[in-house]
Structure formats: structure tokens, C-alpha cells
Amino acid sequence: MLLMLSLPLFAPSSITGLVTEIFILALFAMSLGLIMGYAGLVSLGHAAFFGAGAYTVAILSQHVSNAYVLLASATLVAAGLAAVSGALFFRSAGAYFLMLTLAFAQVLSSAASQAPSSLTGGSDGLNVTVALNLGFGEINSQTGLYYTMGGAFLIGYVLLRLFVSSPAGMITRGIMDNELRMRALGYRTLDYKLFAYTLAGALAGFAGAMYTYFNLYVTPDFLGWIFSGEALIMVIVGGAGTLLGPALGAAFFTILQNYVSFYTDYWALVMGVVFVLFVLLGRGGIVHIFRSLWGMFFRTGPGGSAEPQNADDRTIPSARKGEMS
Amino acid sequence: MMSRRSSQSRIGRADFLRLAGAGFAGAAIFGVAGCGGSGGGSSSQGNKPLAIGGLLTLSGPFASLGESIRDGMNLFLEERSNEFSGHRVNVSYEDTQGDPQTDLRLYRQFVSKGTHVLMGTVLSPEALALAGRLERDKVILVDSNAAANDLSWSKKSDYLYRVSQSNYQTGVAGAHYIAEKIGKRAFTIGMDYVAGYEVIKAFRSAYEKAGGKVIGHAFSPPGTNDFTSYITNMKQANPDLVFAFLSGTDAIRFIQQYDSLGLKGKIPLVGTDQLGSSTVTKAAGRSAEGIISRSPYYPSLDNETNRRFVVRFKKKYSREPDLIDCQGYDTGGVIAQAVKKAGSTDPAALVEALKGISIDSPRGKITIDPRTNNVVQNYYVGKNVWDGKQIKVKVISTLERVTMPASPPS
Amino acid sequence: MSALAVQVMTGLAYGMLLFMISIGLSIIFGLMGVLNLAHGAFFVVGAYVALSVLRGVHSFWVAALLSVLVMATVGLIMERTLLARFYGDELSQVLLTFGLAFIIADVIKMIWGARLQSLPTPSAFDFSFSFGSVVFPTYRLLVIVVGILLAMLLWYLERHTRMGAIIRAGVDDREMVSALGINVTLVFAAVFAFGAGLGALGGVLGAPILGMYPDMGFDILVLSLIVVVLGGLGTWKGALVGAVLVGMIDILGQAYFPSLARVLVFLLMAFVLLIRPAGLFGRRGAVS
């Protein structure tokens, strides 16, 4: 904890920059983790919301400079997209839902690519000159960005925690476990799923908006299914059933991407193998590994064993059961 | 922001442990990674080594361009025994895959390693994404290929110098010649991105000023494999000539399909340098016969620097050099000359030396115009002839000192 | 109008290639519930294998045949070793195949390099013929013909063979089929291998037109997913209609509405799904 707080003071600038990027991507991954681990929805289109947030800031910043307005707009746009797409797509189950989300992401990506360059920069992407100004001066330095993004990450984490421990969150979890039963109990399952999906979309959009301030460049790739898939990898590798798991997955992924690529051309291979291993072994990601290290002593919740589920189990193989808090 | 967190509902023990675990894990990972992250140019006694970062497309449809630049640069380095005026030179080439986002990532890595001179990029969007940051980070980018006009106009920077050509020059060079000698009704095809629009626009305005008329146009997405629809439209329009701006594999495919669909020999094909480049003509084979191109460089150019260049290049790579190879070679030449003039590898000194610099290139003498930080050079008109085994280019005219204005023409 | 004719034929040829790759994806998902996100690999690797074969053997058709056999075998191995254990766990299959897709893309780079490559058009068909004012490359016509023959073959297999009946029944009701004592394992393995081989055929035939590059599997996958979702899972008719539709819209879109081309395809799919959530010809319950 203390380490994270004081990092920019002693770490080389490459590390600070890296961790800053990780904060943002972790937020993105956690939002996907929310719908996967708590609402049971697997999406290959989550980047659509991230990209929407990123592009909103990129485009609007040419006319508006107030950071709060930009961030709020980005979040709202993403939330709106999530609400609409969720409402339309929840009618389809499992694999169809997956493919619809993929298509949704690609439509947005293609749209950004084909739109006139003056608006979205087209397939070349858009260079953005914008500085984050939250009311006490422009945040340009690496240190400043580090703390800001760290703060954004914390806000996101807190929000997610709030939701998960709220009655609404519990109900959503119940829906994931057994939707029919919840419906029989009288809950309007669609509403809860939609709420979770919209919240996740909003957070992803917020992350995307922050990323624009960090990267100063947006590209249609931010909207597409491959980036969504990368988020999926982050969630699974980090541990799908927990809130922080995806954050760890994001850290792992980003570090791999930045460092391995300098030593070998084949970092995707490495990442793919790691990912496949995690899937094959059915563990709850990195989080599970750390849990095992800490020992049974700290497990909470009823029957708190973190053993992986059978392969027959249709839910995400993870240490979910010990997560009620 | 911290206060918000503590006013939240109490954090349970499990949460704390998870957070701590995350922090610990993070620190462990970063600690390990940190060892890999530091390092870079260590200053030793004597002359400081010069670290150059190469941002090139080494995969994808434009891989041949990235490789050519690297080959040219490596030949130059070999000639100088990897030393510029006593400074040891280390170039590390990285594959950007033509993706500006990857460029940004690599750029951040280079900067954090202390590299202050970069070469590249192949594609314009990559250079455009980097241009705005150079001055802030005190990083010099010697542009070995990216041709967007804005790099000399709205994004002009004291830290950005182009040694290749701008889309404006690519378009206007020889437009007059074409209108006079080949035909007054043209159908244009360009690649569907910034460069395509700029080249075609520049060509069009110069061509129309010379009395020509563009009767049809098309833009094909970079990486297009199938030009059938475009070529069919060309046939229908029946122009005096087709003017094409295509690169790499796109150019190869277009030439082959232009032939197989029956247009070769019927409607003259005129194009930019790639259509006469040996990389393209070798792969396209006889289909490339008769094509006219305008280029700042052909291996058949008759000057001393070029003669030596061609001999050495052929010896090292067993193939003839083309314009892109020459651009890579000249990147080395320009940097070396700047180091010599500046007497050091310090970025600020190099910037001063680079303004208005001149070198003897295989293309003839080239000069950096301080108004645009872009190169001023001759263009040559060449025709592809088939010598029985392969395509060779015969230079049929010279266009002297082609330049670009200091700001966009209205 | 002759320009339109050329575009239509090009679109049809492209559609046939999509048909070859999508057929496997569709039947495999419809029958086995496996959504193979690495399916594009059969297409791309098939093309690359043919490239390697061609370096030694100078016959396009031998290369194509060998490639199909190799990829069918690879598909078989993949199904037996990696996927079989996850039957019933759709999520893990999806994730696994997704990871595989990334790995395969890099393996291609390792073995064959990252450059765009292509196969030369087989010399017997490397010419164009004129039909009135239309000049059309013969090879594309060949591709269309192969596609039609394939459709006819599938029609015959479905209608007149036991295997075809089993598959049709299996798509409708998987449990019943195994309850009837049919060796489901064998059927699954055979179907998977067949789908892989067909994908490879599409890849090899398509290579002279489309070229190949390491990431191509992803691009092809997206298109075939659209085809499959559009046409309906588990039906070859759906795959055919879907593929032709997507192929035509993509090519015609590029020619006449270049700025809308890819978006049109997605919008079409979304539209169809909204009114017929199981696709045009789909039968399995896909609605929750």
C-alpha cells in the first residue's frame, strides 16, 4: 500500500508511467469482471464502452475544456450505450449474446474508422491535445497523472465494492447462480442485470476517458472485439470471481505487453499460453494463487474452500464462493 | 480522494488482505520488471555513444518498406564502422506493426531508456501521433518515410526532420510533364488514407494547372488484395492515363491485376515511385512493363555517390536498392552529418545542426529546407523497360529541385 | 452494367470462400455446442500449409489436398485433446479457443514470418475471359463452382446418408441422439475434422485472391461469426445464404459505399437477429 502511494518518488519514470497505465486498464478490467463474475454475462464487446468514453473526450475536448464536463459526458455516453445494448441483447442467451456483443463492438469500431476524419480521425485515429484540469491546475507531469489515475482507480474500486455488498448486488449474484429461481421468487431479473451492465459500462467509459488524458491519442482499436478479448484475458488470468482479480490481471497483461515485447516478438504467444493454462487448470487466476499462499486461515464465508469447480460447471471456475462480504 | 475511501463502510479483514496482497504482488512484479526497465545509455569516459531508436513496420502489408529502411541504414552504419565522428552508434529497431498506439508504447519505452534520437516511421499516422510530444521530451525524430504534409505544416517542429518526401511533392512532381507528354484526361487511384488524399490532391491541382483534367478517381483501403472493381471502373471511364499512388503489396497486386484484366499496354499507367521500385517490379514481373513513374531515386541514376551506393548495396543484400532503401541510407547520412556539424550528440546541438543541413545522397544533393524541415530534392521521370529477365528503369527526364511551400496552398 | 456484373461475381466468389469456412463453425456449434473462436485458424493455417507444400511440390491441387488433410487431422487432434474435456462448459471452450487463436497467430509469425504472402493462381486458371464487354478472371469463377459443388454435396449428405440424418437430429436434440445409442464421440470427432478440412479448403482457394497474414484468422473469424449468426447455427443452408449475403454486401459495399461497407454487414446481422433471434434458418432455441 505504502509502496503504491510513494512509487513516483523513487521509481524510474518508465515504471511510474507503466503503473499509471495499469490503473486505468485495471479499472476497465474490473468493470468487465463485475458483469462476468457477478452477473454471469460474458461479453466480447466491453471495449465498446471504453472506446466510447475515450472518443467522447477526444472529440468533445476540441470544443469543451472543462474536465468534469468531459468526464461526465464520457461516462454518460458509455452508460447509455450499455443500457441500450443490454436491453436489446439480453434476449439472446450464451453464445448468441457473446456474438452480439462482438458485433456491437465492431460496428462502433468500423463506424469510428469510416467516419469522416475531421470527426473521429478515421482509421488513423485522433491525436488529442488536452490536459486534465480538475480545478487546481493542469496535471501534466507523470507524477500528477500517476496520482490522478490512482485516485480514479480507487473511486472505481469503491463504487464496485459498494454495489457488490448492496442488496442489489446480492440479488444480481443470485441471478447469476440461478436465474429461474430468482424469477420465481419475484425478482425482475432483467432490471438487475441491466443495472449491473450499465454500471459496468459506465465505469468502462470512465476508464476510457481517463485513458485519453493519459495516451493523448484514440484509435478505432479501442472499440473493437480484440481489445475486448484482451480485457477478458485480464479478467480470467487475474481471477474472475473477485473484484481485484481483474486488476491484477490487467497489471500482468500490461507488464507482459511492455516488457516481453522488448525481448521477443512473440509476446502474444506468451500471453496466450499463460491464458490457456489458466483456463485449462481451472483456477481462479492469480488471486487464487495468492490465496493459496496465504493459507486456509484467511478464507471467509461459508464452506470457504477455494477449490476449482468441475469442468461440468457452467459457471466461471474461480474462488467465487468465498467472496460474499 | 483518500478521505472518501476511509469514510466508506469498514473494510473487512479479507478485503485488506486482498489489497495488501495486490500491493505486494504488484511490488514484486514491478521489482522484477524494474530491473529490466532501467539501463540505457550510460555515459562513459570519452565520446558518449549515440543510441538511435528505429520505429519501423516490420510486419504487415508495409513490412517491405520498414525492412528497406533498416537495410539502407545498416549499410550506412557498416560503411562508417558504426561510428559517427568518434561516437559509437547503437540502433535498436522495433516493429510498430503500423499501429500508432504501438508507436506510442515503444516511444515511451525509448524515452525512458534515455534514447534521444529516433528514426522512422513508415506510415504517416504513426509520425503524426508522435510529432506533438517530441519537443516536450527533447526527442529528435528523423523521418525516414512518413509523408504527411502536416509534418511540415501544422505539426512542424524543431525536433522533426524529414529526409524522404512529402505527399505534396509526390503529387506535384512531374504533373506538368504528364499533362504535356502523356495525356490530358486522367483517372486517379490512391490509397485510402491521409497520404492518398494528399498526394492525389496535390497531383490534381498541379495537373489541372497544366491543362489536364481528372475524369474519375478511386481510393482503395491499404492492404487491398482485390482491385477488380476499381480497374473495371477505370475501363469504363476510358481515360488517357491512370495515375496511381500505391505502395508495397498493394502496388504489386494492382499492377498484376491491371495486366490480367487487360489494361496493360492499352491505357498508360503512371505512378509514384513505388511503381518503378525494384521491390515492386521484381514481384510484379513483366506486368510492370511500360509503367512510368516519378521518383527522387532510381538505381540507374548517374552520379558518383549512387554508383558506389549501388555496388555496395548489391554486394550486401544481393538486390538492387530502391528509393526506400536510399531513404534509410540517407537517414544515417543526415544524422552522421549533424553529429559532425554539432560536434556532439546532445539533442539541442543536433537540432541546430539539422536546420538547413545538406548531404550528398545517391539521389543527388539533398537539403533540408528550414521553412518546412522537409527535404528539397530532384525528381526523375522513369519508364519501366523489360530487358528479357527483369524490369529496369530508364530515366527519361529530370525535374529539378522540387520543394514544398511553407504553408498549405489555399 | 458490366461493372456491376463483375462486382456481383466477385461478391459471389468471396461469399463461397466464407461459406467454406463458416460451414464448419456453424455445424460444430449447432451440433456440439462448441463455439470455436480459433476456427479462423483452419482457414489461415490451411493456406500457409499449402504455401509450404508448394515449395516442394509444384501442383496447386496437390497442395490443396494435402493441406485439407493436414488441417482435418489437426482439427481432430484439437478436438480430442483440448476441447472434449470441456463439453458442457461453454465458457471454458470459448476462452480456451480464444487463447488458442492468439497463440496460433504468433506461431504463424514464427514459422512463416509476419509479411503478407499469397499463393499463385493455379496456372490452369490464370487467365481472364471476356463475355461481351466484361473481362472476368476465371479463377473466381472456379471458386464459385467449387462452392456450388460443395453445397450440392452437403445437400446430398444431409438428405441421403445416415450421417447426415444423425447430424440433423443432433442439432435439434443432442441428448436424444446419444440416448439412441449412437456413438456421439465418433460423430463429433468426424464433424470437427470435416469442418476443419473445409475451412482449410477455403483458405487455400482463397489465398490467391485474399492473400494471407498472421492475424488473418481474427478477421476471417469475425466475418464467419456474422455469417453463422445471420444464417442460423447448425445449418449448412444458413451458412450458404449467410455467406453469400455477407460476401456480396462486403464487396458491393466496398465498390459503391466505401465508407459504409463493413458497418453495413454488422447492421444487417443485428437487424436479422432482432427479428429472428435464431438467425435466418436457425432452429435451436437461442432465446433465453
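The values are calculated or read from the model by the stated rules, or taken from the named source; none is laboratory data. Just so you know, these numbers come straight off a predicted model, no measurement behind them. Positions of Cβ are generated from backbone atoms using ideal geometry, with glycine treated the same way; all protein chains shown enter the neighbour counts.
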Of the residues B:401, B:371, which is surrounded by fewer than 23 Cβ atoms within 10 Å (Cβ to Cβ), out of contact with any Ser or Thr (no Cβ under 7 Å at 6 or more places or on another chain) and assigned to a strand (DSSP E or B)? B:401
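State whether the residues of the range B:167-179 include one that is assigned to a strand (DSSP E or B) and closer than 30 Å to residue B:115 by Cβ.
No, the conditions are met nowhere in the range B:167-179.
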Restricting the range C:24-51 to residues that are farther than 18 Å from residue C:219 by Cβ and β-branched (Val, Ile, Thr), the one farthest from the chain's Cα centre (by Cα) turns out to be C:49
Please state which one of A:241, A:205, A:272 is crowded, with 24+ Cβ neighbours inside 10 Å, in a helix (DSSP H, G or I) and touching a helix residue (DSSP H, G or I) at 6+ places or on another chain (Cβ under 9 Å). A:205
Just to be sure I understand, how many residues within the range B:374-396 are out of contact with any Ser or Thr (no Cβ under 9 Å at 6 or more places or on another chain) and modelled with pLDDT of 90 or more? 3
Starting from the range B:145-156, keep only residues that are touching a residue at least 12 places away in the same chain (Cβ under 8 Å), then list their pairs with residues that are part of a loop (DSSP other than H, G, I, E, B) and among the small types (Gly, Ala, Ser) whose Cβ atoms are within a distance under 7 Å, requiring at least 6 positions of separation or different chains. B:145/B:164; B:147/B:164; B:147/B:166; B:149/B:166; B:152/B:166; B:153/B:407
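Quick grid of which residues meet (1) among the polar types (S, T, N, Q); (2) within 12 Å of another protein chain (Cβ to nearest Cβ); (3) surrounded by fewer than 17 Cβ atoms within 10 Å (Cβ to Cβ); (4) at positive phi:
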residue: A:78; (1), (2), (3), (4): no, no, no, no
residue: A:82; (1), (2), (3), (4): no, no, no, no
residue: A:129; (1), (2), (3), (4): yes, yes, yes, no
residue: A:153; (1), (2), (3), (4): no, yes, no, no
residue: A:169; (1), (2), (3), (4): no, no, no, no
Yes/no for residue B:54 being modelled with pLDDT of 85 or more and either more than 14 Å from chain C (Cβ to nearest Cβ) or part of a helix (DSSP H, G or I) (or both): yes
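Here's the yes/no breakdown for (1) modelled with pLDDT of 90 or more; (2) within 20 Å of residue C:77 (Cβ to Cβ); (3) in contact with a strand residue (DSSP E or B) (Cβ under 9 Å, 6 or more places away or on another chain); (4) of a type outside the set (Lys, Arg):
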site: C:18; (1), (2), (3), (4): yes, no, no, yes
site: C:25; (1), (2), (3), (4): no, yes, no, yes
site: C:31; (1), (2), (3), (4): no, yes, no, yes
site: C:36; (1), (2), (3), (4): no, yes, no, yes
site: C:47; (1), (2), (3), (4): yes, yes, yes, yes
site: C:52; (1), (2), (3), (4): yes, yes, no, yes
If residue C:146 satisfies every condition in (1) surrounded by 18 or more Cβ atoms within 10 Å (Cβ to Cβ); (2) modelled with pLDDT of 85 or more; (3) over 20 Å from the mean Cα position of the chain (by Cα) but one, which is the exception? (3)
Do we have residue A:50 as in contact (Cβ under 8 Å) with a residue 24 or more places away in the chain, more than 14 Å from chain C (Cβ to nearest Cβ), not aliphatic (A, V, I, L, M) and not in a loop (DSSP other than H, G, I, E, B) here? yes
Residue list for the range B:137-160, restricted to those being among the charged types (D, E, K, R) and more than 20 Å from residue B:338 (Cα to Cα): B:150, B:155
Which of (1) within 14 Å of chain B (Cβ to nearest Cβ); (2) surrounded by fewer than 20 Cβ atoms within 10 Å (Cβ to Cβ) is the odd one out, the single condition residue C:47 does not satisfy? (2)
Count of residues meeting criterion [more than 13 Å from chain A (Cβ to nearest Cβ) and either over 11 Å from residue B:158 (Cβ atoms) or within 14 Å of the chain's Cα centre (by Cα) (or both)] in the range B:126-142: 3
Yes or no: the range C:92-105 includes at least one residue that is within 26 Å of residue B:227 (Cα to Cα), more than 14 Å from chain B (Cβ to nearest Cβ) and under 20 Å from the mean Cα position of the chain (by Cα). no
Tell me which residues, restricted to the range C:203-221, are surrounded by 24 or more Cβ atoms within 10 Å (Cβ to Cβ) and closer than 23 Å to residue C:99 by Cβ. C:203, C:212, C:213, C:214, C:216, C:217, C:220, C:221
Does the range C:160-173 contain any residue that is more than 14 Å from chain B (Cβ to nearest Cβ), touching a residue at least 24 places away in the same chain (Cβ under 8 Å) and either under 30 Å from residue A:266 (Cα atoms) or surrounded by fewer than 18 Cβ atoms within 10 Å (Cβ to Cβ) (or both)? yes
Hey, among A:88, A:119, A:44, A:32, which residue is without any contact (Cβ under 8 Å) to a residue 24 or more places away in the chain and within 14 Å of chain C (Cβ to nearest Cβ)? A:88
Among (1) crowded, with 23+ Cβ neighbours inside 10 Å; (2) aliphatic (A, V, I, L, M); (3) touching a Pro at 6+ places or on another chain (Cβ under 8 Å); (4) without any contact (Cβ under 8 Å) to a residue 40 or more places away in the chain - the single one residue B:194 does not satisfy: (4)
Restricting the search to the range C:109-122, which residues are touching a residue at least 40 places away in the same chain (Cβ under 8 Å) and surrounded by fewer than 22 Cβ atoms within 10 Å (Cβ to Cβ)? C:109, C:111, C:112, C:114, C:115, C:117, C:118, C:120, C:121, C:122
Only one of these is at pLDDT 90 or above, buried (at least 24 other Cβ atoms within 10 Å of the Cβ) and part of a helix (DSSP H, G or I): B:126, B:78. Name it. B:126
